[in-house]
Structures are given as C-alpha cells and as structure tokens.
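*Asks:* Got a structure for you, written out below as structure tokens; questions coming shortly.
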C-alpha cells in the first residue's frame, strides 16, 4: 500500500471537517475523491501533505509516518490546486526555478523546458504570473507538480479553469505519467465524466465521512441502490447533495 | 537543514527584489531619506546653539544604526507577508522545505538588503555631511550585531504572530520597531528618561547598543558592559522568539491557518 490513511479526523471546534476517514491507495493507482463542497476532500489532502495537523488518526506514505518523516515523504510527492498561487511579479521561469532548487534538480532549466512543452506553455516562460489567465496559471501549477517526478501526486481539481481541449491534454499527461512511470495519483474534481474516465476507484465523501468506495459502477449502484449497467456519477452526486443518501 | 532549499528561498526573494519597486524603495530610499532629514536637522540644531562637538556624528551614527535595525525587522516580516499576499505558502510548505529553512533563507536576504541600505545611507552621510562611519566600524560592529540579533528576534516573533492572526495584524511588520523607539534611546542618553522608563530601557538591547555607540563617538572607547548586556538580553529574547514561533506555527497548522492565509 503506497498511502494508508487510518481513522483520520479533523475537527475545528465543534465542526467535524473530516470524520474517521480510512482508505488506502495502491502504487500506480489513479484514485478519485469526490464529494460536494465542504465534504472534506481538500482538508484530507492538506492533512496528507502535513499542512494541517490531524486531530486524530494516522497517515503513512511509502511506508513512512507523515507525522515523523514528513520531509523525506514530500521529496517524492507533489501537489497542485488552481486555488493556490505563485508570486505574481515573478515570471513563470523564475517561479519554477525556485521549486527546481527546492527539489535540488541537477538540470533545472532542461526539466522546466520539458514540462513547459508538455503542458503547452513554452511561450509563457518569461511572462509574469500576473499576466497569465487562470487556465495558464493552472498549467504552471501542473509543471510545478511534475517538477520532481513524483511517485505520488495529489491534485485538487486540476482541470478547473481549463478549456476542454487543454483539460483533455492535461488528462492525457496524467494518464501518461501513470502508465510510463507508475505515478500514483489522488484526484479531486467536480467533473464527473472526467473522474469516470480517469479513475478506476473512487472515494465518495460527504459531511467529512466516507459514504462509499469502489469503482464508478460500484459507487453508482451503492448510492442509487439499484442495478445499473453504466456508471452515473453525476446522478450519484446530485442524489448525495440533495440528501437522498448517507 | 539543506543548503539548496535555503538557497531556493533566497533566490525567490532576490527575484522579488528585482521585480518589485516597493522592495527597492524599502531597501534604499528610506535609509537615504532618513540620513538626509536627520543630517539637515542636526546641522540646524548645531548652528549657534552651543551643542557639544560631534553632535552631528552622534545623530547620523544613531540614524544609520536605527535604520539598519528597523529595516532588518521590517524586511523579515515583509518577506513573509509577500508569500502570504500571493498565497504561495501552500506551494512552499507542501514541498520538503522546512520552516527553519524558510526562516534561514529570509534572514540571509534581510542581511543582504540591510547591507545595501547601510552602504547607501553611509555614502550619503559621507557625501553630504562629511560623516565617515567606516573608521568607527570596528567598534560599531559588535553593537550592530546586537541590533541585528534583536531585530531578528522581533522579526521571528512578528512573523509567528502573522502566521496565527494572518494579515489582520500585518501593520505590525512596519510599525512594531517604532514602538520601541522611545525606550531604545536612539538620539538621547538613557539618563534623560524618567527613572521608571530607564529601567525598561535597560532591558532593551537597542538601548545598550546606542549607549555604546555614543561612548565610542565621544571618544570613550568600546564599552564591553553595553555589548555584553545587549548580547545577554538578545540570547533571552532570541530563545523566547524561537519558542514562541515554534508554538504558534504548530497552532496555525492545527487550526488550518496555513492553508487559509488571507
């Protein structure tokens, strides 16, 4: 098991943001984390990254405890979200150079050029972040996320703000990474078609609890409580949000 | 701590300094302006007022050292606020970068900036008022080191408070050193304060540094007493600042403030 989350709980005062969540991720797996806004997806990711201290529970990654070996673990994983940003006066290249130095890359410039090309933003290399569109910013975040060739990638809505064509390119880049390098990916999204296409397994969160896990079809059948031939995650999502499940 | 990660923080802020005119103003403009203003004011006071010789030197020496202290404390906090304003903290702290490496990088950047400001202020003091600080430097350096250590302790404590209370209290970055001005006795001796305030002043490493500086400029030589008092107090304040920062950083992580910085 590459990632093992056991009985993870996070409370803010009386509010249970994450409530006794347990799951595991196998090496090379792309796993989707779904749930309405406020379900606890981002808080879970932030706890996996060690940005938020869990109230209780344990997280181990690569067989090491996040609580005691955070630095070593983070060397081999990465994260991005369109909701975080970069210093906006710095150019794309300058921002990525900072992260290349953090990961102590031997040939940072070559790596950055390769990533800029992979995500189709080579022409933006010397542009200040402030002058980029949201979609371009998202792609800079993805370049940062792939900088250290991570074994584990946490992606919080990575295709938000992207037009369908660019989103398609990004999804392919993620699938390529998984196929060619065995990158393990934990993925949150509100785009149900995307999750159905990308993820073999899904964790469905609601009010901080795991309400279902399994393949898209298993999740569909479990939450809709009926036999289906095809996954229908959008229907599942609406059912959960409207309070007819959990 | 890894050098390459500290280096990354330095590079990030050097890029910022190159592209952000506010940081150029902070580093050079204000130190130079301070010297120009205090220089004119000192000259005005000495004209026919029977003030003791060396008055202008004392005023300018004090202005240069205070500028150094203030800039260091402000730059430490502002470097952190820069990352806060652009919501870069999640990016940084989701890497192996440790908070100690982050702070170490910022300290190096602050030292570089202070050196630039110090050179600019010294050059103006020399060119406009014939005050050459360099012959005094060997005796000033221990006091300057104490001022920088105290500024560092304050910078760390204020950064910790901004971690916890976010940008609601960001004004402290620019104003906190100012609160200590009256009891730092920059331009007047500690003996000129009321007795109860003198007791407080002697607890400030800054007051010891400025008293020591005045002794040097008055030809009394280097005062080990003022230096060691300043250094001893700094050890206490620095230990308190580090403990406070460690505690408040953990508090911020527990409360999820690291990911909700605004």
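*Asks:* Among the residues of region A:74-89, which ones are more than 7 Å from every other protein chain (Cβ to nearest Cβ) and either surrounded by fewer than 24 Cβ atoms within 10 Å (Cβ to Cβ) or part of a loop (DSSP other than H, G, I, E, B) (or both)?
*Replies:* Of everything in region A:74-89, those that are more than 7 Å from every other protein chain (Cβ to nearest Cβ) and either surrounded by fewer than 24 Cβ atoms within 10 Å (Cβ to Cβ) or part of a loop (DSSP other than H, G, I, E, B) (or both) turn out to be A:76, A:81, A:82, A:83.
*Asks:* In region A:115-152, how many residues are under 23 Å from residue A:193 (Cβ atoms), surrounded by 20 or more Cβ atoms within 10 Å (Cβ to Cβ) and out of contact with any helix residue (DSSP H, G or I) (no Cβ under 6 Å at 6 or more places or on another chain)?
*Replies:* The number of residues fulfilling the criteria is 5.
*Asks:* Given the criteria crowded, with 20+ Cβ neighbours inside 10 Å, away from chain B (no Cβ under 12 Å), in contact with a strand residue (DSSP E or B) (Cβ under 7 Å, 6 or more places away or on another chain) and farther than 25 Å from residue A:134 by Cβ, does residue A:30 qualify?
*Replies:* Criteria not met by residue A:30.
*Asks:* Shifting gears a bit: Only one residue in B:32, B:24 is within 21 Å of the chain's Cα centre (by Cα), closer than 14 Å to residue B:120 by Cβ, within 14 Å of another protein chain (Cβ to nearest Cβ) and assigned to a helix (DSSP H, G or I). Which one?
*Replies:* Selected residue: B:24, the only one of B:32, B:24 that is within 21 Å of the chain's Cα centre (by Cα), closer than 14 Å to residue B:120 by Cβ, within 14 Å of another protein chain (Cβ to nearest Cβ) and assigned to a helix (DSSP H, G or I).
*Asks:* Sort out which residues of region A:178-197 are over 19 Å from residue A:241 (Cβ atoms) and either buried (at least 20 other Cβ atoms within 10 Å of the Cβ) or at pLDDT below 85 (or both), and write them in order of number.
*Replies:* Residues satisfying the conditions are A:183, A:184, A:185, A:186, A:187.
*Asks:* May I ask you to say which residue of A:101, A:109 is assigned to a helix (DSSP H, G or I), surrounded by 18 or more Cβ atoms within 10 Å (Cβ to Cβ) and not assigned by TED's automatic domain parsing to the domain that holds residue A:35?
*Replies:* A:101 is the lone residue from the list that is assigned to a helix (DSSP H, G or I), surrounded by 18 or more Cβ atoms within 10 Å (Cβ to Cβ) and not assigned by TED's automatic domain parsing to the domain that holds residue A:35.
*Asks:* Which pairs turn up if I take residues in region A:38-64 that are free of Cβ contacts under 8 Å to residues at least 40 places away in the same chain and more than 10 Å from chain B (Cβ to nearest Cβ) and look for partners that are surrounded by fewer than 20 Cβ atoms within 10 Å (Cβ to Cβ) and outside any loop (DSSP other than H, G, I, E, B) with beta carbon separation below 7 Å, at least 6 apart in sequence or on another chain?
*Replies:* Cβ pairs passing all conditions: A:64/A:72.
*Asks:* Answer yes or no: is there a residue in region B:120-129 that is farther than 21 Å from residue A:96 by Cα and in a loop (DSSP other than H, G, I, E, B).
*Replies:* No, region B:120-129 contains no residue that is farther than 21 Å from residue A:96 by Cα and in a loop (DSSP other than H, G, I, E, B).
*Asks:* Could you list all residues from region B:187-213 that are in contact (Cβ under 8 Å) with a residue 24 or more places away in the chain and outside any helix (DSSP H, G or I)?
*Replies:* B:187, B:189, B:202, B:203, B:204
The values are calculated or read from the model by the stated rules, or taken from the named source; none is laboratory data. For clarity, every value in this text was computed on a predicted model and none was experimentally measured. Note that we place each Cβ from the backbone using ideal geometry, even for glycine, and neighbour counts take in every protein chain shown.
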